[in-house]
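The values are calculated or read from the model by the stated rules, or taken from the named source; none is laboratory data. As the structure is a prediction and not an experimental result, all values here were calculated from the model. Cβ placement follows ideal geometry from the backbone for every residue including glycine, while neighbour counts extend to all protein chains displayed. Keep in mind that these areas ignore ligands, DNA and RNA; they rest on the heavy atoms of the full protein, side chains included. Shrake-Rupley method; radii C 1.70, N 1.55, O 1.52, S 1.80 Å.
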Amino acid sequence: ATKSGNIEAYYLSHNTTLKHLTNITNMKLVIISAAISAASAFAPSATTSTFSALHSTPEPLSDAEEIAAVEEAAAPAPVATINGWAPDPLLPCFGLPGVVAPTGFFDPLGFAQTGISLNDVKRNREAELMHGRVAMIASIGYFAGEFVSGPFNAVGPANDQLQQVPFPVVLLLGVAIGSVEIKRAQRGWIEPDLGNWNKTLWTLRENYYPGDLDFDPLGLKPTEPKDFANMQTRELQNGRLAMIGVAGMCAQELVNHRTIMETFSFYSKVYGGSDPYAMCGDMVVC
């Protein structure tokens, strides 16, 4: 009986040890499994993504991205500067120089009002500059021609002197003026399209600055944009004054047929209190 009890106790202790080892083994397996599961959550996915250019769907843009894309597509191309000037539709006369105090931007007839195209503004400025330059030369010519008779012995008011010049000289003068005008047209104006006149008529080149004929024998043209704008404004102001002055001299000579200095002397006597006709004899127009 004692031996049988010992055997039974031995098997009972052995079974208890096996159960304890089994429990420990199972616990280790559970811990290892949990550790593997936790590590796999942070591991990169082993699946490979496939891409198809034909069947891929782009992600929709946000409202801000769509607005930015539209503004970028609608933004005008940058305009190249000419003599430091870039046309700005928000400024009077597209930002061309010529605005001075005290009047500021003065355009009572609306030649450069809002809505006038850039080409028309440049063409009007071209006309203003050319007429101003001619008027400045003419204002000197009026006085010089009436002080000096010249090689053709032209005398009297400047208005009457051209008809005293021989016709061949007048013809040569016309050819010279025509040559200069053709040269100016070739530099600043688009070649005419005979098949479509409306496309090129009165159209200036985009890279042409009004009045810049690349003729500067004395080297007076500034290189700095600000200095160029200031000189352009001075030229415009002197040209505008010359146009008014020459118009007045021409009108005066058409009315009284006297030279500029004769008219000046006449009114000096009038406002000085003396008789301007005192030295005039019978049948003498003075």
Just a yes or no: is a residue in the range 236-254 open to solvent by less than 100 Å² (accessible area, probe 1.4 Å), among the basic types (Lys, Arg) and over 27 Å from the mean Cα position of the chain (by Cα)?
-> no
Which is open to solvent by 70 Å² or more (accessible area, probe 1.4 Å) and touching a Phe, Trp or Tyr at 6+ places or on another chain (Cβ under 8 Å), of LYS226, LYS221?
-> LYS221
Please specify each residue of the range 100-119 satisfying the condition of being open to solvent by 40 Å² or more (accessible area, probe 1.4 Å), within 30 Å of THR200 (Cα to Cα) and free of Cβ contacts under 8 Å to residues at least 12 places away in the same chain.
-> PHE106, PRO108, LEU109, GLN113, THR114, GLY115, ILE116, SER117
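Quick one: in the range 198-213, of everything that is of a type outside the set (A, V, I, L, M, F, W, C) and over 19 Å from the mean Cα position of the chain (by Cα), which residue is surrounded by the fewest Cβ atoms within 10 Å (Cβ to Cβ)?
Kept after step one, since they are of a type outside the set (A, V, I, L, M, F, W, C), are these residues of the range 198-213: 198-200, 203, 205-212.
Okay, now just the ones that are also over 19 Å from the mean Cα position of the chain (by Cα), so 198-200.
Working: ASN198: 8, LYS199: 10, THR200: 14.
Out of the qualifying residues, it is ASN198.
Yes/no per residue for (1) at pLDDT 95 or above; (2) of a type outside the set (Gly, Ala, Ser):
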position: MET136; (1), (2): yes, yes
position: TYR142; (1), (2): yes, yes
position: GLY156; (1), (2): no, no
position: GLN163; (1), (2): no, yes
position: GLU191; (1), (2): no, yes
position: LEU194; (1), (2): no, yes
position: LEU201; (1), (2): no, yes
position: TYR208; (1), (2): yes, yes
position: ASP214; (1), (2): no, yes
Within the range 69-77, is even one residue within 30 Å of LYS221 (Cα to Cα) and modelled with pLDDT under 65?
-> yes
The condition from (1) farther than 30 Å from ILE260 by Cα; (2) surrounded by fewer than 18 Cβ atoms within 10 Å (Cβ to Cβ) that GLY150 misses is numbered (1)
Are any of the residues in the range 185-195 within 30 Å of CYS280 (Cα to Cα), in contact (Cβ under 8 Å) with a residue 12 or more places away in the chain and part of a helix (DSSP H, G or I)?
-> no
Filter the range 105-121 for residues that are out of contact with any Cys (no Cβ under 8 Å at 6 or more places or on another chain) and outside any helix (DSSP H, G or I) and give the result.
-> PHE106, PRO108, LEU109, GLY110, PHE111, GLN113, THR114, GLY115, ILE116, SER117
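Quick one: in the range 148-162, of everything that is touching a residue at least 12 places away in the same chain (Cβ under 8 Å) and part of a helix (DSSP H, G or I), which residue is farthest from ILE244 (Cα to Cα)?
Of everything passing the filter in the range 148-162, ASP160 is farthest from ILE244 (Cα to Cα).
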